[in-house]
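Input: one structure, supplied below.
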Amino acid sequence: MAGHIPEETVDEIRKSVDIAEVIGEYVQLKRQGRNYFGLCPFHGENTPSFSVSSDKQIFHCFGCGKGGNVYSFLMEIEGYNFIQAVQKTAERTGHSLPEQMKEEPAGKQDPEAQSMLEAHEWLTKLYSHMLRNSKEGKQALQYLLDRGFTEEIIREYQIGFSPTSPSFVVTFLEKKGYHPQTMVKAGLLNVNDKGDYSDRFRGRIMFPLRNHLGKTVAFAGRSLGDQQPKYLNSPETDLFQKGRLLFNFDLARSAIRKTKTIILFEGYADVIAARQAGVENGVATMGTSISEVQAQLIDRYAETAIICYDGDEAGMNAAAKAAKLLKLTGCQTNVARLPEGMDPDDYIKKHGGDRFKKEVIDASDPYTSFIINYLRRNYNLQLEGDRIAYIEKVLQEVAQLDRAIEREHYLKEVAADFDISMETLKDEVDQLKKRVPSAPSQGKQKKNWQNRSIDSQSMHHKLLPAFHNAERKLIANMLKNPVIADKVQEELGGSFNISEHQVIVTHLYAYYEDGHAPDISQFIERLEDESLKNLVIQLTMSPNAEEEITDQELGDYIHRIRMENTDRTDIKSLEAEQKRAEQHGDPIKAAQIAMEILRRKQELKNTH
């Protein structure tokens, strides 16, 4: 419910925003017909079950069942309470709320996690201040400027410096009210055997590591002198799991959505150098190999991923591993080539941003081209055995391509390189295709899955009892047409057979009586029970929800529901009569009634 915010204000703000635009900042959405589809952000999946309707201003996941309006989405994904969700939406639309409706603390945040998050934010500010306003910090600042970091980039990434004193940060955090032991757990402080606390990162240039919402959850520290290790990152904590976050994703998200492309780098220095060069859609893993979660995140937001790792042997191996994992998600995957021994930062410093974009990023190789060249490194092609083994590996890759034109392109290269006829190569690929099914493209996966999900949902409805389907179809039409709701109220009132349906129609009658027009996004605010909200959304987003109902169908549905109600009442009456016969010591009559009850129930079962 709207709480102490006037209902008309809540509705006005909600109606003034496009839910697809809001959700599109978190989920890569693709239009299919009237709705948008994408991967659900609330549960792990590889195929899209998440649907958004701009017309109805609602979302629904056919996989996990979550659904709602723009407020529901923000509350679920950000952990906001209702007032916060309204306020954040109001900020987007330019509406102002009264002062007494200021943002309240998020109800879902664990107190200890909230304390850790706040401490990270305070230290981000402290480190940034120390970089500019301490003697040690100015030395660090000059080092950054000498390395090519601009003042703008330093501010944008909130780069800072941690003082060399082991107790400075400890004292700072204690004065802010944070217990040192909690800060050890947060990865901000160290403690020795004597119980003495010290700053984990003292004497280092500090790079805040932010989550996808722009909140600092960890740090990466680089030493200035001989201090070891040269690079020191925060340990994994409740806030920070390296395999779940991508560096710079919060800043790159809008550019990724605009270009539908993401550039994957190995480290944060490469991301920052690329951003200075005008490449704004770059991200990086947190010092580890790309994980399945990160690959799925990339696939969720981008149609194409370009891997830009170092040009050395280790970089090539890491790029091959990342490319294979991204390819499995269905994401279009390319790999950029750098001269051996150079990383992206080196290349940009030597050749400039324009050449980097044109000669490295734009000239990146498609996955199959890259993997063919990568495989070649493992074989001595002067040896006959190695040549045959290499060709077999290449043909296995080609056999997984969906498009015949792509297969022919690469087969022609193999035929020319090794003087083998196209007929022989095609025969071999055909045999491989029979043994190893081709990897479906992301688009095909999503389209097929969507059809399967719709079919399975329709099947589910068909398997429901006839009266149950009739009630669902009536409610779906009542939600969009008050005339039908009036007719059903007159004929049935609240006499639906399913208890959840009874509650929904009772609220719906009151909603229309208050003078509201059909508006699913507004109506669900009246339902406090999440399962009822999700059921309403599910009925509204079902594949046949847009079909118009005829007067004949309306009458048939009402009749079916009424007959079920009557049959159930008759059976209850017979059961009461059977009980009385048993109490009066008339077992023959009780048995006759029991047989009648069985017959009635069988008839009901047969009509379902």
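The values are calculated or read from the model by the stated rules, or taken from the named source; none is laboratory data. For clarity, every value in this text was computed on a predicted model and none was experimentally measured. Every residue, glycine as well, gets a Cβ built from its backbone with ideal geometry; the counts of neighbours run over all protein chains shown. Areas reflect the complete protein model, heavy atoms only, side chains present, ligands, DNA and RNA absent. Shrake-Rupley method; radii C 1.70, N 1.55, O 1.52, S 1.80 Å.
I'm trying to understand the selection: among the residues of region 190-242, which are in contact with a strand residue (DSSP E or B) (Cβ under 6 Å, 6 or more places away or on another chain), among the polar types (S, T, N, Q) and in a loop (DSSP other than H, G, I, E, B)?
Across region 190-242, the qualifying residues are Asn211, Ser234.
Right, another one. Evaluate the following for Lys473: is it open to solvent by 40 Å² or more (accessible area, probe 1.4 Å), modelled with pLDDT of 85 or more, among the charged types (D, E, K, R) and within 30 Å of Glu553 (Cα to Cα)?
Working: open to solvent by 40 Å² or more (accessible area, probe 1.4 Å): yes; modelled with pLDDT of 85 or more: yes; among the charged types (D, E, K, R): yes; within 30 Å of Glu553 (Cα to Cα): yes.
In short, yes.
If you scan region 120-153, which residues turn out to be acidic (Asp, Glu) and under 36 Å from the mean Cα position of the chain (by Cα)? So that I can check it myself, show each step before the final result.
To start, the set of residues in region 120-153 that are acidic (Asp, Glu) comprises 121, 136, 146, 151-152.
Within region 120-153, Glu121, Glu151, Glu152 meet the criteria.
Within the group Lys242, Lys260, Lys215, Lys230, which residue is open to solvent by 20 Å² or more (accessible area, probe 1.4 Å) and farther than 30 Å from Gly79 by Cα?
Working: Lys242 fails: farther than 30 Å from Gly79 by Cα; Lys260 fails: farther than 30 Å from Gly79 by Cα; Lys215 fails: farther than 30 Å from Gly79 by Cα.
Sole residue among the options that is open to solvent by 20 Å² or more (accessible area, probe 1.4 Å) and farther than 30 Å from Gly79 by Cα: Lys230.
Would you pick out the residues in region 526-560 that are at pLDDT 85 or above and hydrophobic (A, V, I, L, M, F, W, C)?
Leu527, Leu532, Leu535, Val536, Ile537, Leu539, Met541, Leu554, Ile558, listed by residue number.
Then there is this: Return the only residue of Ile420, Ile405 being modelled with pLDDT of 90 or more and surrounded by fewer than 13 Cβ atoms within 10 Å (Cβ to Cβ). Don't jump to the end; show me each part of the working.
Numbers: Ile420 fails: surrounded by fewer than 13 Cβ atoms within 10 Å (Cβ to Cβ).
Criteria check complete, one pass: Ile405.
Return the pairs, sorted by first residue and then second, in which the second residue is polar (S, T, N, Q) and surrounded by fewer than 16 Cβ atoms within 10 Å (Cβ to Cβ), the first residue lies in region 362-379 and is modelled with pLDDT under 95, the beta carbons are less than 9 Å apart, and the residues are 6+ apart or on different chains.
Close Cβ pairs satisfying both conditions: Tyr374/Asn317.
Of everything in region 523-552, what is over 25 Å from the mean Cα position of the chain (by Cα) and closer than 14 Å to Lys56 by Cα? Give them in sequence order.
Phe523, Ala545, Glu546
Being open to solvent by less than 20 Å² (accessible area, probe 1.4 Å), in contact with a strand residue (DSSP E or B) (Cβ under 7 Å, 6 or more places away or on another chain) and among the hydrophobic types (A, V, I, L, M, F, W, C) is the filter here, so list the residues in region 117-134 that pass it.
Leu131
Name the single residue, out of those in region 268-277 being open to solvent by less than 20 Å² (accessible area, probe 1.4 Å) and either within 12 Å of Leu246 (Cα to Cα) or not aliphatic (A, V, I, L, M) (or both), that is farthest from the chain's Cα centre (by Cα).
Applying the filter and picking the extreme gives Asp270.
Sticking with this structure for a sec: For region 499-532, give me each residue that is crowded, with 18+ Cβ neighbours inside 10 Å and assigned to a loop (DSSP other than H, G, I, E, B).
Correct list: Asp519, Leu527.
For the subset of region 326-343 comprising residues that are more than 25 Å from Glu25 (Cβ to Cβ) and part of a helix (DSSP H, G or I), which member is most open to solvent (accessible area, probe 1.4 Å)?
In this case the residue turns out to be Leu328.
Go through region 359-387 and count every residue that is exposed (fewer than 12 other Cβ atoms within 10 Å of the Cβ) and more than 31 Å from the chain's Cα centre (by Cα). Quick ask: steps written out before the conclusion?
Of the residues in region 359-387, the ones exposed (fewer than 12 other Cβ atoms within 10 Å of the Cβ) are 362-363, 377-378, 380, 382-385.
Applying the additional criterion that residues be more than 31 Å from the chain's Cα centre (by Cα) yields 377-378, 380, 382-385.
The qualifying residues number 7.
Can I ask one more? Against the condition open to solvent by 10 Å² or more (accessible area, probe 1.4 Å), in contact with a helix residue (DSSP H, G or I) (Cβ under 7 Å, 6 or more places away or on another chain) and within 29 Å of Gly353 (Cα to Cα), how does Glu280 come out, does it pass? Break it down into steps so the answer makes sense when it comes.
Details: open to solvent by 10 Å² or more (accessible area, probe 1.4 Å): yes; in contact with a helix residue (DSSP H, G or I) (Cβ under 7 Å, 6 or more places away or on another chain): yes; within 29 Å of Gly353 (Cα to Cα): yes.
So Glu280 passes the test.
Filter region 533-546 for residues that are of a type in the set (A, V, I, L, M, F, W, C) and either more than 20 Å from Arg14 (Cα to Cα) or out of contact with any His (no Cβ under 6 Å at 6 or more places or on another chain) (or both); which is surrounded by the most Cβ atoms within 10 Å (Cβ to Cβ)?
The initial filter retains those residues of region 533-546 that are of a type in the set (A, V, I, L, M, F, W, C), namely 535-537, 539, 541, 545.
Add one more test, that the residue is either more than 20 Å from Arg14 (Cα to Cα) or out of contact with any His (no Cβ under 6 Å at 6 or more places or on another chain) (or both), and what stays is 535-536, 539, 545.
On the way: Leu535: 22, Val536: 26, Leu539: 23, Ala545: 17.
Checking each candidate, the answer is Val536.
When region 173-190 is examined, which residues are found to be of a type in the set (Ser, Thr, Tyr) and more than 12 Å from Trp122 (Cα to Cα)? Break it down stepwise before answering.
Step one: list which residues in region 173-190 are of a type in the set (Ser, Thr, Tyr), which gives 178, 182.
Residue satisfying the conditions is Thr182 alone.
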